[in-house]
Amino acid sequence: MFEQLHTPEDIFSFKLGSALSMEHDVEKILADLEEHAQRPELKTMFREQAAVTRQQAANIEQSFALLGEKVDDSPSPVTKGLAAEGKAAIRKTDDAIVDAVILAGALEAAHYQIAVYEVLVTNAHARGAADVAALLGQNLAQEEAAKDAIKAVATRISTEGIAYHPTSTPGAAHTAPAAVADPTAAR
């Protein structure tokens, strides 16, 4: 839609459209993560987050309506890159430890989404669009909750042992391969 951005409103609308594309990309990413996750709790978590993601996309579309603007679908190259990186990592990883790779990728995506919404909420307030800021603030709060949930599961899995054995008793300790690092250690 935009060849050049000339005003702060143009920038905001471009970024809002990019966020909409981001949410559509994330919905596809979540389906992929659900498919490859080994633990049933992760499959459930990603399925539930996909429903939240659809609501976030609806909030963005409603934001465009509140602004009296046509819905823009500016690209989101970052989420496409995160998806490509995640798919490559999943292909290279043994199924027994793939959940650790999946959680690391999901945590990276959540952090990116939080950054996007922080900027959008700030700029919506600056634009005087309190109703839009409130909708985008809901998305931000949901992303922060998702990040916390992902991090809690990643921490528990790394403490219990990263390897997943479907016949194991839930909560039983497993020995993690020495070469696999805690995905939350640097965060």
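Residues of the range 1-54 that are of a type in the set (Asp, Glu), under 21 Å from Val101 (Cα atoms) and in contact with a Leu (Cβ under 9 Å, 6 or more places away or on another chain): Asp25, Glu34. Please determine whether any residue of the range 103-110 is under 16 Å from Asp25 (Cβ atoms), modelled with pLDDT under 95 and loosely packed, with under 13 Cβ neighbours inside 10 Å. No.
Filtering the range 5-19 for residues that are acidic (Asp, Glu), surrounded by fewer than 22 Cβ atoms within 10 Å (Cβ to Cβ) and at pLDDT below 95 leaves a non-empty set. Taken together, Ala31, Ala57 contain a single residue that is under 16 Å from Asn139 (Cβ atoms) and out of contact with any Pro (no Cβ under 9 Å at 6 or more places or on another chain), which is Ala57.
The number of residues in the range 83-100 that are touching a helix residue (DSSP H, G or I) at 6+ places or on another chain (Cβ under 6 Å) and surrounded by fewer than 21 Cβ atoms within 10 Å (Cβ to Cβ) comes to 4.
Does Val71 satisfy the condition of being touching a residue at least 24 places away in the same chain (Cβ under 8 Å) and closer than 21 Å to Val153 by Cβ? Criteria not met by Val71.
The values are calculated or read from the model by the stated rules, or taken from the named source; none is laboratory data. Bear in mind the structure is a predicted one, so any value in this text is a computation, not a measurement. For neighbour counting, all protein chains shown are included, and Cβ atoms are generated from backbone atoms with ideal geometry for every residue, glycine included.
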